[in-house]
């Protein structure tokens, strides 16, 4: 559960909850789907080797998370819950956060070691860890201040932008932006969008938008981790399905990152024993952005990460509508019961696990659509 702002909440109270879904069974089902997808790719696609990094990263991450959660608890790194958030979430106060520190390095290490000769992998690993560090500072300041806000929004964005620009310079120097064709963005049906130098501001926007979108999605037990595992798997699959041997190194990195989030789900599924915090969610978004920019996969990321996009847009619309309709009493219209979007459905009567399972399902559908409409 990240320290993300709620963009206006309604006064809706808790509603009747349907029969609870089993978090362990949900996580096991998702892991089985991802594993089967990687096995199928390895069996049917030349040069595909997604299963081993997926399984290794998942096993190591699960072990590290199980070992690390009690230590985070002993360090009293307990999540501070927003007062304006859903009342049902107040019972989660004190659950250890900053869980991204336990699993992100696992995914990065496994993914980066797959092909030590590929110079892109250190760059992707570096920016993933850099965003993890920014998230860790933000989480730490929240914990020490006992508030749900750490870095100022402006300071946080500035750090993210500086790191992203450093990555873009590195990638441009290596000739990797656009997957080796600088400035070109691949689209379905063989179309190409030649952006030229405009790839720079677009790349910066992608890092800021994607990392903050994954951050906003981290609001329910297992939601961001499960969606992240699905999207990373989809990104890896589409890279292997492009022909010409695919992009095995970058696809393997995606599989390793999917594995680390599956491993994290062993402790983050409902009822969560740990939250990833900004430490994990910012790193997730940065890794997806870096992979997309270096493999000409911006379109697949946009489509497959549709849940992240919807979460972010819901906050933007909630704030905009509220401000546009605000009257003399300071009150405005709220488009959603509460934003981000997962809280809207939660306050509408769907159980937390029901929302998570639905969003996982939507992510799976979007991944399949992205595979069909890949560049």
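Couple of notes before you dig in:
- The set of residues in segment 302-335 being part of a loop (DSSP other than H, G, I, E, B) and in contact with a strand residue (DSSP E or B) (Cβ under 9 Å, 6 or more places away or on another chain) consists of 334 alone.
- Of the candidates 136, 126, the single residue that is closer than 22 Å to residue 178 by Cα and either touching a helix residue (DSSP H, G or I) at 6+ places or on another chain (Cβ under 6 Å) or in a helix (DSSP H, G or I) (or both) is 126.
- Any hit, segment 255-274, residues being closer than 20 Å to residue 203 by Cα and either at pLDDT below 95 or buried (at least 21 other Cβ atoms within 10 Å of the Cβ) (or both): no
- Residue 219 closer than 17 Å to residue 312 by Cβ, buried (at least 24 other Cβ atoms within 10 Å of the Cβ) and at pLDDT below 95: yes
- Considering the conditions (1) free of Cβ contacts under 8 Å to residues at least 12 places away in the same chain; (2) part of a loop (DSSP other than H, G, I, E, B); (3) in contact with a helix residue (DSSP H, G or I) (Cβ under 7 Å, 6 or more places away or on another chain), residue 118 is excluded by exactly one of them, (1).
- Out of 121, 177, one residue alone is crowded, with 20+ Cβ neighbours inside 10 Å, at pLDDT below 95 and under 25 Å from residue 252 (Cα atoms). It is 177.
- Residue 335 being in contact with a helix residue (DSSP H, G or I) (Cβ under 7 Å, 6 or more places away or on another chain), modelled with pLDDT of 95 or more and either over 20 Å from residue 297 (Cβ atoms) or surrounded by fewer than 24 Cβ atoms within 10 Å (Cβ to Cβ) (or both): no
The values are calculated or read from the model by the stated rules, or taken from the named source; none is laboratory data. Computed from a prediction, not measured in an experiment: that's the story for all the values here. All Cβ positions, even for glycine, are placed from backbone atoms using ideal geometry, and neighbour counts span all protein chains on display.
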